[in-house]
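Below is one structure, written out as structure tokens; comments come after it.
Every number here is computed from the coordinates shown, using simple stated rules; none is lab data. As the structure is a prediction and not an experimental result, all values here were calculated from the model. Cβ sites come from the backbone with ideal geometry, for glycine too, and all protein chains shown count toward neighbours.
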Amino acid sequence: MAKGDLVPREDHVSVYCKATSLDNGIPQAPAFTVTETNQELSTNWIEFLGVANREAAIVEILRCLRSKLRIRRGALAVFNVGSVIDSLQAHLALRAWIEHDPEHTDRYHDPSHAVLAGIPFDIPTANAVGELIAARILETHPVTPEA
Amino acid sequence: MSSPPRLLPLGRRSVWGRPQGQVSGSWADFRGGDAVGTGAIAVDTDLPQDLPQRIGQRTPRRAFEAMTILVDRGPVTGTDSDPMEPTLADEDRARNAIIPNFQWSSPFYEYVWVQKERRSIGRRWADSINRIRERSGLGRVAAERLEELLRDAKEEAPGVEQPISLGSLLTLEVFFRDFNVAIPPALSLSPRGNLYARWRDETGRVVGVEMLERNSVVYVILDTQAEGRQDPVYGSGGWPRIHRMLGALDVARLLNGER
């Protein structure tokens, strides 16, 4: 797969949610909102990793994230790609997509990195997007400093 | 700087920056060299006593003491129930009444100004949390959650003194009061540093509100369980608009628990 390829609808992505975007361990809409300075939502394409099971994928994603971000507590929320895209199209008439965006630098490699793009950053719409995505969470995996 | 600066017992209704720009008798007495009043006297311990010497500026002692008091008490002009900050012009009038012709744009002033702002924000944050805590029903739960959120935010942004918007907290406090909120919301932090409150009922209806400054909000109302196309209602505005929205969509009970 090359940079810019669309992530298939039947596949899944995870989003890292900071501790301040959780309440009682549950990701809230702000975890999935974009801003003017950060107009795409960072995700990781789970099936791209080709690992045996979800737990192994989560471990690998966290390893990559920790190599480039200061991660302490939080959660990884998992979604089905098609479910999120369809929801944004149906309810907000947004033509959003998730595309592969592998990151390779001298300091880190995040080959499964992908971005949710095509979503507005004005606050009301961004928050509505956040709520719709939050309603599509399939799994939540807690992230701890020790994990 | 042999004696510590004295803090006048100004009370909650301070002389600072009253709209008419008058300086009270207390300050006039202070300018004469003596502390007045009979209330408690506190000493600012955070501000270095030798600050003027450190920054190499000859600062009149009166200015140092006056600014220390500014730092300690903050320019509160409202009442406990209706706190209000004075305008910059109000503050300038008050300062000039104490030390005419002092160069307020000096490094000394800048240092003290930053200190004042930092402490004022911290104090107003704590005051607001305490007022929320005193609300019956959701108060204790919401206050504890807000304190937890502030701890998490400081952990995520080391070195940032106030990672959550004070204006957002004040809006949340007024929102709780004016909308008679009795159900503790899920609270999180938006990427903009604003508080985000979310209520969800057993049928899957959701009200999400980002608290902006000055009693302004961004709201999202949606039904997560609805069959077919159930579009979210979202927008921004002040109290009248969200009142109308909550009423029109019959979701006010998510917030207050009333049937």
Under Stokes-Einstein, segment A:1-134 at 10 °C and 1.306 mPa s, with its Kirkwood radius over C-alpha pairs, diffuses with a coefficient in µm²/s of 105
Using alpha-carbon pairs under 8 Å, 6+ residues apart, how would you state the relative contact order of chain A in percent?
-> 37
Debye, to nearest 20: dipole size of segment A:1-82, +1 on Lys, Arg Cβ, -1 on Asp, Glu Cβ = 460
If you place +1 on the Cβ of every Lys and Arg, -1 on the Cβ of every Asp and Glu, and leave all else neutral, what size is the dipole of segment B:168-259 about its Cα centre, to the nearest 20 Debye?
-> 160
Please give the average number of partner chain Cβ atoms lying within 10 Å of the Cβ of each residue in A:21-34, rounded to a whole number.
-> 5
Ranked packing of B:233-239, A:81-87, most packed first, by mean Cβ within 10 Å | A:81-87, B:233-239
Might you report the magnitude of the Cβ-based charge dipole of chain A about its Cα centre, with Lys and Arg at +1 and Asp and Glu at -1, to the nearest 20 debye?
-> 400
Once you list every other residue whose beta carbon is under 11 Å from the beta carbon of residue A:40, what net charge do they have if Lys and Arg are +1 and Asp and Glu are -1?
-> -2
Applied in sequence order to segment A:128-138, the curve 6.51 cos²θ - 1.76 cosθ + 1.60 (Karplus, θ = phi - 60°) yields integer Hz couplings, x standing for Gly and Pro, of 5, 4, x, 5, 5, 5, 4, 6, 9, 5, 9
What's the local net charge at residue A:113, with K and R +1, D and E -1, over the other residues with C-beta under 15 Å away?
-> -4
What does the charge add up to near residue A:4, with Lys and Arg as +1, Asp and Glu as -1, over the other residues with Cβ less than 12 Å from its Cβ?
-> -2
